[in-house]
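All remarks here apply to the structure that follows.
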Ligand code: PMV
């Protein structure tokens with residue numbers, strides 16, 4: 001049987017989550033160690049949606065399946081745009097990304113699903129169209145999504161994202177990032193809605209907070225390209241403080257940040273939507289095992305270490 005295959009991967013936001021929804025830039029990088037693979041094939045009659053189990057799930061497009069999941073909506077929209085109306089396609093998604101942990105699982109599953117459906121029909125999707133289709137799914141998964149997840153889960157290297165456009169971000173840093181999973185799922189939609197409410201309560205304070213965020217993101221870009229690990233760590237901590245002001249940190253996240261600093265990290269912060277999810281710590285490569293162990297002792301359910309020199313999907 002003909003089968004289409006599509007792939008994508010997780011992402012982590014270094015700086016700029018939440019404020020990017022309100023117009024600031026943000027910096028993110030791909031996590032190829034956490035991949036998603038999707039398979040698309042003509043559906044057998046009676047095939048329907050199946051809820052995620054162990055990160056694997058299944059849905060159909062082009063038929064009567066109306067399950068409201070981001071990946072299904074993105075793939076359905078792809079068939080509509082490509083004028084493919086005479087077929088029902090079964091898509092099986094094998095997601096190696098923990099769900100609802102700020103690592104971009106919804107966008108990555110949507111990207112892989114669209115690529116698989118395109119591959120089944122012998123089509124190659126150009127990057128702009130793929131981004132648009134993933135964003136259709138993200139509107140379902142997140143409400144109003146900035147587009148940083150859709151860009152980063154399809155990117156080959158670190159990006160600077162601003163108002164719908166992603167540019168490659170040069171990295172001159174020889175350090176390591178340790179990502180720690182709190183084990184607590186965080187709802188992006190809920191977190192984004194809470195931040196919007198908080199900003200709307202006090203527009204003057206919101207303006208100065210977003211200005212402060214933009215300044216930190218610009219500084220982080222300079223520090224990344226100059227290889228200034230210590231000052232980048234400090235910038236990450238300042239951004240964590242700002243995210244806490246926005247109400248998306250938790251005592252568990254704060255405890256992991258403290259544990260990472262105690263083990264010698266230059267800085268640490270939540271990554272993604274928060275209210276659970278993951279913490280990102282910046283360390284010297286030699287300190288990464290100690291930071292990782294300290295994060296686990298403080299309650300992280302798992303950790304991943306990414307050397308900054310390997311922040312490319314092909315690496
Ligand atoms: O937690 P995630 O992977 O859904 O990241 C969302 C990033 C936000 O800035 C919170 C939302 C957005 O659309 O940019």
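Straightening the chain between residue 86 and residue 200 buys 36.4 nm, computed as 0.36 nm per residue apart minus the Cα-Cα spacing.
Take each of the peptides 81-94, 257-270, 199-212, average the number of other beta-carbon atoms within 10 Å over its residues, and list them starting from the highest. It would help to have the intermediate numbers written out before the result.
Details: 81-94: 16.5, 257-270: 23.1, 199-212: 12.8.
Descending mean neighbour count gives 257-270, 81-94, 199-212.
Here the label points at residue 33 and residue 284, each 7 Å from Cα along the C-beta direction, are separated by 2.0 nm in the simple model.
Considering Cα pairs under 8 angstrom that are at least six residues apart, work out the relative contact order of region 136-259 and quote it in whole percent. Spell out each step's value before the answer.
Numbers: 82 pairs, mean separation 28.7, N = 124.
Once normalised by length, the contact order is 23 percent.
Distance from the Cα centroid of region 174-189 to that of region 2-81 is 20 Å (rounded to whole angstrom). Between residue 174 and residue 67, the contour length at 0.36 nm per residue exceeds the alpha carbon distance by 34.1 nm. The calculated FRET efficiency for the pair residue 167 and residue 297, based on their C-beta separation and a Förster distance of 41 Å, comes to about 0.60.
How big, on average over all directions, is the shadow cast by the Cα convex hull of region 126-238, in nm²?
Numbers: hull surface 33.9 nm².
Averaged projected hull area, Cα only: 8.5 nm².
Per-residue ellipticity at 222 nm computed for the chain from its helices equals -13000 deg cm²/dmol, with DSSP H segments shorter than 4 residues left out and the rest contributing -39,500 (n - 2.57). Counting only alpha carbon atoms, the long axis of helix 105-120 and the longest principal axis of the chain meet at about 30°. Against the compact-protein benchmark of 2.2 N^0.38 Å, the Cα-based radius of gyration of region 1-157 scales to 0.98. Largest first and in whole Å, the equivalent-ellipsoid semi-axes of region 171-315 read 25, 19, 13, each the square root of five times a Cα gyration tensor eigenvalue.
Cα-Cα pairs above 20 Å in region 66-157: how many percent?
Values: 1161 of 4186 pairs.
Value for region 66-157 (Cα pairs over 20 Å): 28 percent.
For the chain, the Kirkwood estimate of the hydrodynamic radius, built from every pair of different alpha carbons, is 19.6 Å.
Bear in mind that the values in this text are calculations on the coordinates, not laboratory data. Quick caveat, the model's predicted, so the values are computed rather than measured. Using ideal geometry, Cβ is built from the backbone for each residue, glycine included, and neighbour counts are taken over all protein chains shown.
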